[in-house]
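Asks: Next up is a structure, given as structure tokens.
The values are calculated or read from the model by the stated rules, or taken from the named source; none is laboratory data. What you are looking at is a predicted structure, and each value in this text was computed from that prediction instead of being measured. Using ideal geometry, Cβ is built from the backbone for each residue, glycine included, and neighbour counts are taken over all protein chains shown. Each accessible area value is taken on the protein alone, full model and side chains, heavy atoms only, with ligands, DNA and RNA left out. Shrake-Rupley method; radii C 1.70, N 1.55, O 1.52, S 1.80 Å.
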Amino acid sequence: MNLYTDLCAQLLFPLHEALKGHDSVARLRLLERSQWLAPAELQALQLARLRDFLGDVGRHVPYYRQLFKELGFDPAALQSLADLEKLPRLDKPLIRAHQDTLKAEDHGVLSRYNTGGSSGEPLIFYMGKARKSHDVAAKWRATRWWNVDIGDPEIVVWGSPIELGAQDRVRRLRDGLMRSHLLPAFEMSEAKLDAFVADIRRIRPAMLFGYPSSLSLIAAHAMKRGVSMRDLGIRVAFVTSERLYEEQRRLISEAFACPVANGYGARDAGFIAHQCPAGSLHISAEDMIVETLDPQGQPVAEGEIGEIVVTHMATRDFPFIRYRTGDMGVLGSQACSCGRGLPVLKEVHGRSTDFVVAQNGTIMHGLALIYTVRDLPGVEKFRIEQLSLDHTQVQVVRNAEFDPAGVQRIEDDFRRRLGAAVRVEVLLVDDIPAEASGKFRYVISRVKAFAS
């Protein structure tokens, strides 16, 4: 850490957070101690926090006060984390229907947020200062695992309208002081990619942060142009908000000569888990309880895939209790060699809409289709959309190396997996735009793979 980074991490950023009324610094100190607790000690901490959180919510949030009364649910009587299963799951339609009664009657300042609506249904929700403080502290702790800190030069490749729309003078001043540089991920044209490569070489960041699709695209472009990015001293590339494919990890790591640290979370659900240098995706268990459930809402067996459902215990002003993320994952049971007692999210398989369904009802991950298209010579970009059980559309951006026979290859391979009678429509297009958030999804299924 150099002197300027030390100034930012110990003075400027803490002052910034204090002026906003956030207690992120105090939370960071607690998190950096509690991460070394034994798993049993962390579970005891979680249970105590859960009792307090649900008791607070039951007193001050009208929706849950009524729900607890109807169920005869007493937070003080919780004996284990499994007792949380007595409460129903929370989903987007329920939040939309009860938005006002989900606000605590004594809530402080609330900020309005919305998700990008990748599932077709944007969600409006609210955050209080405690939630923001936790999320900042959780991300800050994970950043320090990789020997980088606030104030180290960073490049953020992002596309959220909230981040990009907030570039007023105060925000630009803060980012300038913290040496954080934002590259908008909305447009990834050749000219933009040339500029991004030049910016990264000029800034020489200690860390990169962004969508795996965007960072891998920049990495591939630099390699195609013959521009080396391996001498910049980048310590780590943090990726989040999309599924990280191994091919992307390899490409980013090779191009930038740094490890790739995966993170899992969402704007609505919060920062759920972060990867440590030993390779484990650790859950921020001090404020976060993660369940993996089957389609009927029951816990899956150890090692099995289930829907990720989270309870964020720093959300008392607008609670997220047993919130259905729509993502699929596997919880781990093995201790990590890093020594942290934080539980591990062994696998994250992406959204339930990243799974496709064959005509015979077989559910498979989109990777079953992705490999066919990705491995064809001359394919620069693609998107697979399962419109129905009988119709799948594939958009392909190709270059001069693309063999037209590849179209037939896609059709044949997809029918072998999805069903002989499926209509596979291959569209050769000039470009495939990212979503409004700047994310890029390789597979989108309109067919429900998992029950609601």
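Asks: Give the residue that is most open to solvent (accessible area, probe 1.4 Å), with candidates limited to residues of the range 190-216 that are within 25 Å of the chain's Cα centre (by Cα) and without any contact (Cβ under 8 Å) to a residue 40 or more places away in the chain.
Replies: In this case the residue turns out to be 192.
Asks: Continuing with this model, one more query. Taking the stated definitions as given, is residue 393 surrounded by fewer than 17 Cβ atoms within 10 Å (Cβ to Cβ) and not in a loop (DSSP other than H, G, I, E, B)? Walk me through it before giving the result.
Replies: On the way: surrounded by fewer than 17 Cβ atoms within 10 Å (Cβ to Cβ): yes; not in a loop (DSSP other than H, G, I, E, B): yes.
It is true that residue 393 is surrounded by fewer than 17 Cβ atoms within 10 Å (Cβ to Cβ) and not in a loop (DSSP other than H, G, I, E, B).
Asks: Of everything in the range 217-231 that's open to solvent by 20 Å² or more (accessible area, probe 1.4 Å) and assigned to a helix (DSSP H, G or I), which residue is farthest from residue 444 (Cα to Cα)? Even if it seems obvious, please write down each step before you answer.
Replies: Taking the range 217-231 and keeping what is open to solvent by 20 Å² or more (accessible area, probe 1.4 Å), we get 217, 220, 223-228, 230-231.
Keeping just the survivors that are assigned to a helix (DSSP H, G or I) gives 217, 220, 223-225.
Values: 217: 20, 220: 24, 223: 29, 224: 28, 225: 31 Å.
Across the range 217-231, the extreme among qualifying residues is 225.
Asks: Has the range 250-259 got at least one residue that is in a strand (DSSP E or B), in contact with a helix residue (DSSP H, G or I) (Cβ under 7 Å, 6 or more places away or on another chain), within 21 Å of residue 150 (Cα to Cα) and modelled with pLDDT of 95 or more?
Replies: Going through the range 250-259, the residues in a strand (DSSP E or B) turn out to be none.
No, the range 250-259 contains no residue that is in a strand (DSSP E or B), in contact with a helix residue (DSSP H, G or I) (Cβ under 7 Å, 6 or more places away or on another chain), within 21 Å of residue 150 (Cα to Cα) and modelled with pLDDT of 95 or more.
Asks: Just one of 72, 55 is open to solvent by 20 Å² or more (accessible area, probe 1.4 Å) and without any contact (Cβ under 8 Å) to a residue 24 or more places away in the chain; which is it?
Replies: Numbers: 55 fails: open to solvent by 20 Å² or more (accessible area, probe 1.4 Å).
Unique residue meeting the criteria: 72.
Asks: Kindly list the number of the only condition in (1) at pLDDT 95 or above; (2) part of a loop (DSSP other than H, G, I, E, B); (3) open to solvent by 60 Å² or more (accessible area, probe 1.4 Å) that fails for residue 234.
Replies: The failed condition is (3).
Asks: With respect to residue 375, determine if the residue is surrounded by fewer than 18 Cβ atoms within 10 Å (Cβ to Cβ), of a type in the set (D, E, K, R) and over 27 Å from the mean Cα position of the chain (by Cα). First the steps, then the outcome.
Replies: Values: surrounded by fewer than 18 Cβ atoms within 10 Å (Cβ to Cβ): yes; of a type in the set (D, E, K, R): yes; over 27 Å from the mean Cα position of the chain (by Cα): no.
When the stated conditions are applied, residue 375 does not pass them.
Asks: Let me ask something else. Among the residues of the range 396-422, write down those that are in contact with a strand residue (DSSP E or B) (Cβ under 7 Å, 6 or more places away or on another chain) and loosely packed, with under 14 Cβ neighbours inside 10 Å.
Replies: 399
Asks: Turning to a different aspect of this structure: When you go through 252, 283, 272 one by one, which is the residue that is farther than 14 Å from residue 142 by Cα and not basic (Lys, Arg)?
Replies: Going through 252, 283, 272 in turn, just one is farther than 14 Å from residue 142 by Cα and not basic (Lys, Arg): 252.
Asks: Out of (1) in a helix (DSSP H, G or I); (2) over 16 Å from residue 136 (Cα atoms); (3) not charged (D, E, K, R), what's the single condition that is false for residue 37?
Replies: Exception for residue 37: condition (1).
Asks: What tally of residues in the range 8-34 results from selecting those that are open to solvent by 20 Å² or more (accessible area, probe 1.4 Å), under 20 Å from residue 284 (Cα atoms) and in a helix (DSSP H, G or I)?
Replies: Final tally of qualifying residues: 7.
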